[in-house]
1. Would you tally the residues in region 342-355 being out of contact with any Leu (no Cβ under 7 Å at 6 or more places or on another chain), open to solvent by 10 Å² or more (accessible area, probe 1.4 Å) and either of a type outside the set (D, E, K, R) or assigned to a helix (DSSP H, G or I) (or both)?
2. Which of the residues belonging to region 226-242 are crowded, with 17+ Cβ neighbours inside 10 Å and farther than 19 Å from Val177 by Cβ?
3. Among the residues of region 296-313, how many are surrounded by 21 or more Cβ atoms within 10 Å (Cβ to Cβ) and over 20 Å from Phe414 (Cα atoms)?
4. Within region 44-70, how many residues are among the acidic types (Asp, Glu) and out of contact with any strand residue (DSSP E or B) (no Cβ under 7 Å at 6 or more places or on another chain)?
5. Looking at region 356-400, which of the residues that are within 29 Å of the chain's Cα centre (by Cα) and part of a loop (DSSP other than H, G, I, E, B) is nearest to Val418 (Cα to Cα)?
6. May I ask you to list the residues in region 102-120 that are modelled with pLDDT under 75, in a helix (DSSP H, G or I) and aliphatic (A, V, I, L, M)?
7. For Phe414, indicate whether it is closer than 26 Å to Leu311 by Cβ, open to solvent by less than 30 Å² (accessible area, probe 1.4 Å) and in contact with a helix residue (DSSP H, G or I) (Cβ under 8 Å, 6 or more places away or on another chain).
8. I need a count of the residues in region 202-242 that are under 16 Å from Pro169 (Cβ atoms), without any contact (Cβ under 8 Å) to a residue 24 or more places away in the chain and in contact with a Leu (Cβ under 9 Å, 6 or more places away or on another chain).
Amino acid sequence: LTDALIGELARVPGLTVVSKNGVAPYRSPDTPRDSIALALDVGTLVQGTVEDAGDRYRVTARLIEGASGADFRRASFEAPKGNLLAMRDTLAGKVAEFLRARLGEEVRLREERAGTSNVAAWVAMQQAERAQRDATAPGVPEAVAAQLYARADSLLAVAEGLDGDWVEPIVQRARVVYDRSRIAGAPPDVDKALRTALGHAERALRQNAENPDALEIRGRILFTRYARGLEPDVTVAGRVLAMARSDLESATRLNPNQVGAWTVLSRLYYDEEDLLAANRAARAAYDGDAYLVGADAILYRLYVTSYDLELFPPAIDWCDKGHRRFPTDARFVECQLILLSTRAKDPDVDQAWRLAEEAVPLVPERERPFKRLYEQVWVAAVLGRAGLKDSARHVLERTRGSSDLDPEREILGFQAAVYTMLGDKETALRLLGEYLVANPRHREGFRRHVHWWWRSLQEEPRFKALIGAR
């Protein structure tokens, strides 16, 4: 009922309604109401209960003032147990009446989106979504998650069988199998799961070719196949990427608030070196739902694309927002350090060392040796900006990792960038050459978009030769 009510109210013009993702952490009745309102930045809360009343259910809804946590409207109603769809619609109507009185203006509920009139199918769908949510909860063992995904898929098959004209259970089956592929482990198992998910998505699109949810999940599956290297043939992989982009862009044209599609498009555009498009897509996702699942990745992408475009004030803002929302995420400690190396911040060396030390324990233990070296590279960049170039070089000399620690030689690329900032073109070009020998596929990225780090090297013949530029 909560999810359905959010969906109904979100379609009312003039209301800003926090999404299911946003309210999910606050469903416990023990959380103080005013704390919830403050965390979600809302003026009004709706709280409700459902009680068993023999052959009926009793639903009570309360409208709560966000600032004080005090009730100011309350209503109860009963409905037969077999008529859950009517209960859903009655609840939406009651809350709309509350809001009319609260806001002093007309609050019109739009008609329910095309769905099902089959109560049993609707109930199976709700139960499946609950199982899917439980499978993705933090700390759930993989074996338990696999069982929950299997239960969700089974319930969705029931819903599909009860109402063959309802496309949503088919779309949701594609999502469930896609989510399950993320814990599949071995590449052949991932490949098999993604092919199954793709089959469901294509069935949904045969039923409704302009369903934005179906287009989004098919685009997500195709992009994942591309990104995971499951299409080894370069020509086929290129076609798969183009199909993914087409599906995701179609989904956002049909529904400009298709948050999930914008999220994947941001990653896709970034991989294609289209930084402006990646930033716009990430912003569209964030504006559509600031509480979306994966908000950490979206906030980080907003930071990265702003930084890469030399839009430092927005980069600082996104980094700060990410750190407030996700204080134990190493990326949002690290971005504060990296920004100290830009002209937008004072080069505070003490703060740089503190941030470098703070970031390391926030990653898994096996990643810490590499992370320690990486953070010190950026401390060196801050030292350079502070005018301590000899100290910066001493730190950089200590940061070169072994092949075991850094098999892809990623540190070399960052060292080269910092030597460029120090004005040492000779060392920067030598390290960049070693980096591109280890990562030849990155030459194409350099040719498509030369990052501002390399601006002072752009006209150097050796730099052009390294990236294969004409």
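1. Keep residues of region 342-355 that are out of contact with any Leu (no Cβ under 7 Å at 6 or more places or on another chain), which gives 342-344, 346, 350, 353-354.
Subset that is open to solvent by 10 Å² or more (accessible area, probe 1.4 Å): 343-344, 346, 350, 353-354.
Pick out the ones that are also either of a type outside the set (D, E, K, R) or assigned to a helix (DSSP H, G or I) (or both) and you get 344, 350, 353-354.
Total meeting the criteria: 4.
2. Passing the criteria: only Leu241.
3. 3
4. From region 44-70, those among the acidic types (Asp, Glu) are 51-52, 55, 65; that's our starting set.
Restricting the remaining residues to those that are out of contact with any strand residue (DSSP E or B) (no Cβ under 7 Å at 6 or more places or on another chain) gives 52.
Of the residues in region 44-70, 1 are among the acidic types (Asp, Glu) and out of contact with any strand residue (DSSP E or B) (no Cβ under 7 Å at 6 or more places or on another chain).
5. Val363
6. Listed by number, the list holds a single entry, Leu103.
7. Working: closer than 26 Å to Leu311 by Cβ: yes; open to solvent by less than 30 Å² (accessible area, probe 1.4 Å): no; in contact with a helix residue (DSSP H, G or I) (Cβ under 8 Å, 6 or more places away or on another chain): yes.
When the stated conditions are applied, Phe414 does not pass them.
8. Going through region 202-242 one residue at a time, the tally reaches 1.
The values are calculated or read from the model by the stated rules, or taken from the named source; none is laboratory data. Being a predicted model, the structure only gives us computed values, none of them experimental. Every residue, glycine as well, gets a Cβ built from its backbone with ideal geometry; the counts of neighbours run over all protein chains shown. In case anyone asks, the SASA skips ligands and DNA or RNA and just uses the protein heavy atoms, side chains included. Shrake-Rupley method; radii C 1.70, N 1.55, O 1.52, S 1.80 Å.
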